[in-house]
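Asks: Here's a structure for you.
The values are calculated or read from the model by the stated rules, or taken from the named source; none is laboratory data. For clarity, every value in this text was computed on a predicted model and none was experimentally measured. Note that each Cβ is placed from the backbone with ideal geometry, even for glycine, and that neighbours are counted across all protein chains shown. SASA here: full protein model, heavy atoms, side chains in, ligands and nucleic acids out. Shrake-Rupley method; radii C 1.70, N 1.55, O 1.52, S 1.80 Å.
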Amino acid sequence: MTFELPKLPYELNALEPHISKQTLEYHYGKHHQAYVTNLNNLVKGSAFENSDLETIVKESDGGIFNNGAQIWNHTFYFFQFSPNGARTAQGTLADAINAQYGSFAKFKEEFTAAAATLFGAGWAWLAKNKEGKLEIIKESNAGNPLRNGLTPILTCDVWEHAYYLDTQNARPQYLKNFWEVLDWNVIGKRF
Ligand code: MN
């Protein structure tokens, strides 16, 4: 099948000053687009030619996995943002976070620490396991918890391309900004 770059549900300047229009022009317009272009070229004539993206994320390896998972991860990442969403967890997800981490503030601290200490390029995830419990997970490169049978809830891209234009080497400042644009109404529906 042919993959396409999904249209974002907000304008490229809508997340300023936390995530700049320039960052989205590159991160969404160039990087995310490149993964789509690459995957379309790679699946031609392969065993995954007719597979959907989730199957590719779960079952492929090598370049097809890297590009397919990066498409999935970036779409999941960009769609959890909004210029005016709920900035803390709501409803049953809030209950689960409070029960497991003590409070939203403690969860935020723990998730931020995972994202800050992830070495090199990768993704920090909040995911739900088969027992319905939440887990904070660090994945390198294009890693995705779907591969281990978990349900992704929240993700933070810590590849340098996610923040270098805005905060240069300062990943901790990027992580501060990240919390300011999350829409927990969207994230809660994933739980
Ligand atoms: Mn990225």
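Asks: Of Lys58/Lys130; Lys7/Lys138; Lys133/Lys189, which ones are farther than 18 Å apart at the Cα?
Replies: Too far apart for the 18 Å limit: Lys7/Lys138.
Asks: Still on this model: Let me spell out the model: positive unit charges on the Cβ of Lys and Arg, negative unit charges on the Cβ of Asp and Glu, origin at the Cα centre of the chain. What dipole size does that give, in debye rounded to 20?
Replies: Rounded to the nearest 20 debye, it is 260 debye.
Asks: From the residues Val158, Gly85, Gly102, which one has its Cα farthest along the dipole of the chain in the positive direction, the dipole being from +1 and -1 charges on Cβ of Lys/Arg and Asp/Glu about the Cα centre?
Replies: Gly102
Asks: Ignoring everything except DSSP H segments at least 4 long, calculate the 222 nm mean residue ellipticity for the chain; use -39,500 (n - 2.57) per segment, divide by total residues, nearest 500.
Replies: The helix contribution divided over the chain gives -12500 deg cm²/dmol.
Asks: Quick one: what are the phi-derived ³J(HN,Hα) couplings along the stretch 132-147, Karplus 6.51/-1.76/1.60 with θ = phi - 60°, whole Hz, x for glycine and proline?
Replies: Per residue, the Karplus-derived 3J(HN,Hα) values read x, 8, 7, 9, 9, 10, 9, 10, 7, 6, 9, x, 9, x, 4, 5 Hz.
Asks: Taking Lys30 as the anchor, which aspartates and glutamates have their alpha carbon closer than 20 Å to its alpha carbon, excluding any fewer than eight residues away along the same chain?
Replies: The qualifying aspartates and glutamates are Glu4, Glu11, Glu16, Asp157, Glu160, Asp166.
Asks: Separation between the Gln33 and Tyr164 pseudo-spin-labels, each 7 Å from Cα along Cα→Cβ, expressed in nm?
Replies: My value for the distance between the label points is 1.9 nm.
Asks: Could you work out the pair-distance distribution P(r) of the stretch 21-78 from its alpha-carbon pairs, with 5 angstrom bin width and percents rounded to whole numbers?
Replies: Here the calculated profile for the stretch 21-78 is 4, 21, 31, 22, 12, 7, 3, 0.
Asks: Which percent of the accessible heavy-atom area of the stretch 1-122 goes to carbon and sulfur, probe 1.4 angstrom?
Replies: 51
Asks: Report the extension gain between Phe79 and Asn129 in nm, rounded to one decimal, defined as 0.36 nm multiplied by the number of residues separating them, less their alpha carbon distance.
Replies: Answer, rounded to one decimal: 15.8 nm.
Asks: Here's another thing I want to ask about it. I need the phi-derived Karplus couplings for the stretch 164-174: 6.51 cos²θ - 1.76 cosθ + 1.60, θ = phi - 60°, integer Hz, Gly and Pro marked x.
Replies: Running phi through 6.51 cos²θ - 1.76 cosθ + 1.60 with θ = phi - 60° gives 4, 5, 8, 10, 6, 6, 7, 4, x, 5, 4 Hz.
Asks: Let me ask another. Solvent-accessible area per residue for the chain at a 1.4 Å probe radius, Å²?
Replies: That works out to 48 Å² for each residue.
Asks: Follow-up question, since we're still on this one. Just to confirm the filter: which GluC sites (Glu not before Pro) across the stretch 122-152 are DSSP coil and have at most 12 other Cβ within 10 angstrom of their Cβ?
Replies: Here the GluC sites (Glu not before Pro) that fit, given the DSSP loop and packing criteria, are Glu131.
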